[in-house]
Amino acid sequence: MIDGKTVLFSGMQATGSVLQLGNYLGALKNWVTLSKEYESFFSVVDLHSITIRQEAAALRSGARNILMLYIAAGLDPEKACIYYQSHVPAHSELAWILNCFTYMGELNRMTQFKDKSAKHEANLNAGLYTYPILQAADILLYQADLVPIGKDQKQHIELCRDIAQRFNAIYGDVFTVPEAYFGKAGAKIQSLQEPEKKMSKSDENINASIFLMDDRDTIIRKFKKAVTDNFAEIKYDPENQPGISNLLDIYTLFSGKSIEETVAHFQGGGYGDFKLAVGEAVADGLKPLQERYNELKADKEYIDKIIKNNAEKASYVANKTLRKVKKKIGFPELIR
Ligand code: ATP
Ligand code: LTN
């Protein structure tokens, strides 16, 4: 809570230059809805991105693209504070402090670390390991009540809650203990090529993910190629038919129809027709976002102004929490 207002915080990594459909359906779409009701902070978490090696120019342009996609998806940057994590040094400072309130046993249990370290064996850096502590700092700095995310981030929010509660137990009520928020559907969109694993920006197989700026033909082609099964029945059964069930999830999120209605509608038809319908629904659904993005891209001055103003707004709130934390811990006060 800040000044009696419920606070929302979330972020996405600037890995790659564009978001994928799971980022949108699992997180961004819910941010847009929730931000109308809450005091909101949405960060492009570029400090998190460097846990995987990034090329400088690509990181810089990718981070800006993602910030513009937040706005193109419908967030109002005058209301919601959209900013770069690296513009607010308080994130790194609080992360260090929370490092000293987190146990290695807790970090050892993090499944994202296990997955990412298997993928990046040649660069097993300490940042990858302590990544969830920086994430906890992000959330706690803004006294967030609610963190809208996809299912894969559940464990990180639980750790954040444990760290907050541990700190509060020692120093009093310093941090709001946040809750995770998952949408009713879309919290886990699967890869189109390996439907037993989640869709991800950094998948090497470009056919596995729909990127938000893919053009209509590309979207339809990727859905046509989507891996399904041999049952020849359109049925919602994520356990046995993960590919078809994923397509049903995606279709319902764009068409507004229920799973039952959709299954009834496509019953008896082939997978080909259904895949084409999903592709068309997604292409139509992403069109307004794509148009808005292209407009924003042309308006450098407007985006620069947002970046500047929001870095100040975020810093103000974050520094307030950081000062309180430092005082409680017993660091000597600044003499002015
Ligand atoms: P990377 O491939 O670099 O790990 P990512 O695509 O997995 O990236 P993140 O930046 O880690 O995306 O996640 C941003 C937000 O999107 C988080 O809230 C995360 O839970 C959500 N998210 C990511 N992938 C999916 C998915 N497949 N389904 C639903 N939500 C997702
Ligand atoms: N780890 C998250 C990104 C992230 C985040 C956050 C999400 C960093 N800090 C704070 C919510 C709140 C991910 O999606 N990989």
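The values are calculated or read from the model by the stated rules, or taken from the named source; none is laboratory data. All values reported here derive from a predicted model rather than from experimental measurement. Backbone-built Cβ (ideal geometry, glycine too); neighbour counts: all protein chains shown. Accessible surface is based on the protein model in full, side chains and every heavy atom, while ligands, DNA and RNA are left aside. Shrake-Rupley method; radii C 1.70, N 1.55, O 1.52, S 1.80 Å.
Annotations for the structure displayed:
- Residue within the stretch 49-67 that is under 25 Å from VAL177 (Cβ atoms) and either open to solvent by 10 Å² or more (accessible area, probe 1.4 Å) or without any contact (Cβ under 8 Å) to a residue 24 or more places away in the chain (or both) present: no
- The residue list THR6, THR33 contains one member that is among the β-branched types (Val, Ile, Thr) and either free of Cβ contacts under 8 Å to residues at least 12 places away in the same chain or under 28 Å from LYS197 (Cβ atoms) (or both), which is THR33.
- Subset of the stretch 178-211 that is open to solvent by 70 Å² or more (accessible area, probe 1.4 Å) and within 16 Å of ligand 2 (Cβ to nearest atom) - its residue that is nearest to ILE149 (Cα to Cα): TYR181
- Extreme residue, farthest from ligand 2 (Cβ to nearest atom), among residues of the stretch 37-57 that are modelled with pLDDT of 95 or more and of a type in the set (A, V, I, L, M): ALA57
- Residue ranges of helices (runs of 4 or more DSSP H) in the stretch 89-179 with at least 1 members free of Cβ contacts under 8 Å to residues at least 40 places away in the same chain and more than 16 Å from ligand 1 (Cβ to nearest atom): 90-99, 104-108, 126-141, 154-171
- The residues of the stretch 308-323 that are farther than 16 Å from TRP96 by Cβ and either open to solvent by 20 Å² or more (accessible area, probe 1.4 Å) or modelled with pLDDT under 95 (or both), listed by number, are LYS308, ASN309, GLU312, LYS313, SER315, TYR316, VAL317, LYS320.
- Selected residue [open to solvent by 90 Å² or more (accessible area, probe 1.4 Å) and either part of a helix (DSSP H, G or I) or of a type outside the set (Asp, Glu) (or both)] from ASP273, ASP249: ASP273
- Index of the failed condition, LYS151 passing every other in (1) at pLDDT 95 or above; (2) open to solvent by 30 Å² or more (accessible area, probe 1.4 Å): (1)
- Of the residues making up the stretch 1-36, those that are over 24 Å from ILE250 (Cβ atoms), open to solvent by less than 10 Å² (accessible area, probe 1.4 Å) and either more than 11 Å from ligand 2 (Cβ to nearest atom) or not aromatic (Phe, Trp, Tyr) (or both) are VAL7, LEU8, ALA14.
- All positions within the stretch 196-220 that are without any contact (Cβ under 8 Å) to a residue 24 or more places away in the chain, not hydroxyl-bearing (Ser, Thr, Tyr) and not in a loop (DSSP other than H, G, I, E, B): ILE206, ASN207, ALA208, ASP217
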